[in-house]
Structure formats: structure tokens, C-alpha cells
Ligand SMILES: Nc1ncnc2c1ncn2[C@@H]1O[C@H](COP(=O)(O)OP(=O)(O)O)[C@@H](O)[C@H]1O
Ligand SMILES: [Mg+2]
């Protein structure tokens, strides 16, 4: 089989012994099944032909014993294979998740979260059946079919030939159908990814949907895509449903003819009744695994298609392979320098940052201002290397930033961004996410710097109060301060506040600022803010317009030299 996902087997490392037991059990199972068909000859001949009383007494015991052995072998094989299959899928799912988290940011711009989630959940679900059942059933059926066909030939060569003329035909049918199913499956799973994507979007944007009253529009879109999925699903089922009756019909022609032809030979005395019955039973029994093999084969084709999709993700180079540097950034960051930086998002034509040259030095406070969409957030996102510039250089302490390992670089940077995530957990855990080893004193100190300590101690369980989904919900300003406490606890060399105090009242904002100024006075502090009152006493204000730096300087200098900046100030201060 082309492109069979052999790579999945690598997840079975260390399970050699179990695999061996499963294989032995499989052989026993197939062997006993075939022997049972062969044994029919003894039953018929000793019971009906020879009327041998001793054998009549013995046969029931032999039969039960054989079935018992077969049962134990089946159980062992089925259970171990299911176990091993699940091991494979668990490890695969873990690898997928790990890979997704390590993908470069660009990948998330190009592929929707819904589709990524679908690949992890829906595709691995399909593979689960493959790994834990289909493969085992397939092997068991192949062995059983071989054993039974051997019995068929052993009993009567000539009849066996006639009996098995249909096999190549069945084989042809199976492979035709398998190809179709494989093709439809890839489409079906794509449709399913779209459907899952809808669910994800809907739940994420539930407030907007309600406010805009567009529940129906969303439901309609969902219904349309769900129907498309349904259509692909039905195509597969149609092919699947056609297969068993086709095979059975074919088999009935052959068996019918054999009964006629074999019967004639018994009448003429060329064949014993025992041999004939054993032959017919073995043949009928052999059709069963062959028929199942077909269905099995189709399912396996389906899984091969899905395995390819999953493999595509696993094979994507992760961020560390693509752009990790070799050097640890050990020394503290004294200077960050942008040199003629040009940047555009991978899904966009025009440049978001144009020819940006700037430098940030330790011990100074910077502010970035400009209209929304002017590129402020983009500019700071280059420092932790979420994205790399297309042209130009970014230097830290005079060395190209790409020399440093991503982990050591990111350890030095704290970012409080516009969208803040509160995880379900206690306040203490939420502040310490980036530094689980932090002592309680450190956590409290960070909370004090972020001016959130007083609020926390007013909560019922203080630092052990559960917040986030299912716990106490925080206001925008409280969330922002938790995020600031998080960043402070990380104790970075560069602290970036991207509209991080926008939801605070002016008084609290000023208090947070004073505390941060004091705490980070010998480090690099970059604030992006709309409220000019918060940036007015920065050491350097950077004014961005459509991705270009149009002015750098202290408030007074910019106010005098840059018309845009003056307009901005006049609007805000005249209120
Ligand atoms: N993920 C993205 N993909 C494509 N374009 C983006 C992305 N994020 C931002 N942009 C574009 O880049 C420009 C600057 O955005 P941003 O840096 O967020 O501005 P600001 O923070 O100043 O409001 C905007 O025109 C925006 O549309
Ligand atoms: Mg922004």
C-alpha cells in the first residue's frame, strides 16, 4: 500500500514484548479457526458416515476446548492491540499539541485556529480507530483467510480452484472502492475542519454575535457548511454500503455452483461427504474474513489519507528549527537597536514597518505613540522575535538578535499586551504563570508594584481565590493589573506595556506608573499608550505614522517640531 503510515509505528518503541504476545495470539486465533473448519470433516465422517460412538462422545469436548483456546487468543490479541493503538494515538496527540505550540507565529496567521484544532481532535479520532482496531482486525483477517484457504485447498484442489475464482474479482472491487474512499475522506475531513472552525468562532465571539443579533446568520452559515460535510460523508457511506452486497452476490453464485458440482461428485462416489462439508464450510468461513478485509481496507485507506494530513503538521519545521540562535543571551540587556527595519506580515502585500531606525537604552523610559494601525504593536513584537523583519537588523547589546536562542531572549522580555489571558486558577497561580518557582513574598511584591495587592486581599480567599472561567470574573482594569504583576514577577530587562493601562482610571494608572518607573529605573521600559498624560514625561517619545518613524524626542521638542504630535496633544488636553 502506497504511503502507508509506517511512521506511526515509531511510537511503539519499547513495546516489543507486548507486540510479540499479540502476534502469537493472532496466529493461535487464525490457526484454531482454520482447524475448526478442517475438523468438520471428522465430525461428519465419524458421526454421520462411520457412526463411531467414542468419537461422538469426544467431539463435543474437543469442540469446546478449541473454542475456548480461540477465545482466549482473540481476547489477548484484541485487548493488547487496542492498548498499543491507544498508546500510539496518545503519543501522537501529545506530539501534535507540542508541535502546534512551537510553530512560528506566521503559521497562525495563515491557518485558522479552528482548522488546527480540528486536525488535532477530529483527525486523531479517526486515526484512533485505525491504530487500535483496524490494523489488528486486518492482520487477524488476513491470517484467518490464509488458514481457511489452505484448508479449502487441502480438502479438494479442483473444487478449491472453482471456489476461489472470485477472489481476484473481489480484490479488484476492494482496491477500486478503497481509492474512492481515500479521495472522499480528505475532503470530508476538510469539511469537518470548517464545521469545527464555526463552533470555535461562535463561542469566541459570542458577545458580539448577541449584540449584533446575528445568531441566525451564524447558524445559517454553520448549517450550510454542515450540509457540505454531510454530503461528503454520504458519498463515502454509499460506496461502503455497496460493497458487502456485491461481494455476497458474487459468492452466492460460486457456492451455488459448487454445491451442484460437488454434490454430483459425491453421488458418483469421488468425494466423501466429510471432505465436501469441510470444504464448503471452510470456503464460506473464508469469505467472511475476505469480505471484512475489504471493509477494513477501505477504513485503512481512509486513515492513510488522514495520517497524511496529520503528518503534514508534524513535519512542519517549528520555530526553534527555523530561527533559533546558538548563543545564550546571558548578560543583561543594555541596548536594543532597530536599524533600517522593513517588515510586512506574511499575509499582506504592503509594509507595516518602513525603514525604522531606533534605539532603546537601559535606564530610560520610552513611549510609542501614533494612530491605531500605525504599527506600534507590530514594532514591539519584533523584539521577542514573534516575527523577523524582511530587511534591516535588530541588535541587542550590539549583536544581531538572531544570534541568541529564542528561550534566552524571551526570558529577558516582559510584554503586557492588549489582550490579556486569565487562566482558570488562583490569583497566586495566575501571577506566577511565567515563574512557578516564585516565592509568596515575590508574588506579593509584584502585585504591589502593579497596584493590585489591596484588591487581592479584599477577595474571600485572598491570593488563593480562584479567578478565570468558572471563578471570580475580573474587570478589565483588574485583569490588566494581574498581567502587569505577571510581567513584573518575571523581572525582565525589557518591559513592554502595549496599552496595558488603558482600562485603569487616571489615578490608578499614575500609581502603577510610578511604581513601575521606580522598579525598572535601570532597565528598558517601553510604553505604548493613547493617553498622552501617561507618556508626557518619558525620556523619549517615538511618533509613528503608517509604519514610519516621523519624530523622536522629549515631549517639548516634539510638540514644537512635529505638527501631527501637536495636533494630538491639543485634542487630548483641550478636553
Ligand atoms: N496579523 C496581522 N496580519 C496582517 N496584518 C496585520 C496583522 N496585525 C496587524 N496588521 C496590520 O498592521 C498594521 C499595524 O498594526 P498594529 O501594529 O497592530 O498597529 P497599532 O498597534 O499601532 O494599532 C495595521 O494596518 C494592521 O492592519
Ligand atoms: Mg496595537
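Observations on the model:
- Put in order of Cβ neighbour count within 10 Å, fewest first, the listed residues 165, 552 become 165, 552.
- Compared with the dominant Cα axis of the chain, that is its longest principal axis, helix 563-574 is turned about 80°.
- Calculated mean residue ellipticity at 222 nm for the chain: -20500 deg cm²/dmol, from DSSP H runs with n ≥ 4 weighted as -39500 (n - 2.57), summed, divided by the residue count and rounded to 500.
- Extended-chain gain in nm, criterion 0.36 nm per residue less alpha-carbon gap, residue 216 and residue 323: 34.1 nm
- Crossing angle, helix 166-204 versus the chain [Cα axis fit, 0-90 degrees, rounded to tens]: 30
- Calculated FRET value between residue 4 and residue 224, using beta carbons and R₀ = 35 Å, to 0.05: 0.50
- Gyration tensor verdict on segment 335-376 (Cα atoms; rounded if a/c is under 1.5, prolate if a/b is larger than b/c, oblate otherwise): oblate
- FRET efficiency, 1/(1 + (r/R0)^6) with R0 45 Å, evaluated for residue 350 and residue 560 via beta carbons: 0.90
- Anisotropy class of the chain from Cα gyration tensor, a/c 1.5 cut: prolate
- Net length gained if the chain between residue 567 and residue 316 were fully extended (0.36 nm per residue, minus Cα distance): 85.5 nm
- Mean Cα-pair separation over length for the chain, i.e. relative contact order, pairs under 8 Å, 6 or more apart, %: 15
- Estimated at 0.36 nm per residue, the fully extended path between residue 461 and residue 162 surpasses their Cα-Cα distance by 99.5 nm.
- A simple packing score, the average count of other Cβ atoms within 10 Å per residue, orders the peptides 451-463, 290-302 as 290-302, 451-463, with the highest score first.
- Averaging the sequence gap over all C-alpha pairs within less than 8 Å and six or more residues apart, then dividing by the number of residues, gives segment 335-574 a relative contact order of 27 percent.
- With the simple spin-label model, which puts each label point 7 Å out from Cα in the Cβ direction, the residue 169 to residue 47 separation comes to 3.3 nm.
- In degrees, nearest ten, helix 273-315 long axis to first principal axis of the chain (Cα): 10
- Residue 176 versus residue 393: modelled label distance in nm, points set 7 Å from Cα along the beta carbon direction: 6.7
- Cα→Cβ-extended label distance, 7 Å offset, between residue 90 and residue 186, nm: 3.2
Just so you know, all these numbers are worked out from the coordinates, no wet-lab data involved. Predicted, not measured: the structure shown is a model, and the values here were computed from it. Ideal geometry is used to build each Cβ from the backbone, glycine not excepted, and the neighbour counts take in all protein chains shown.
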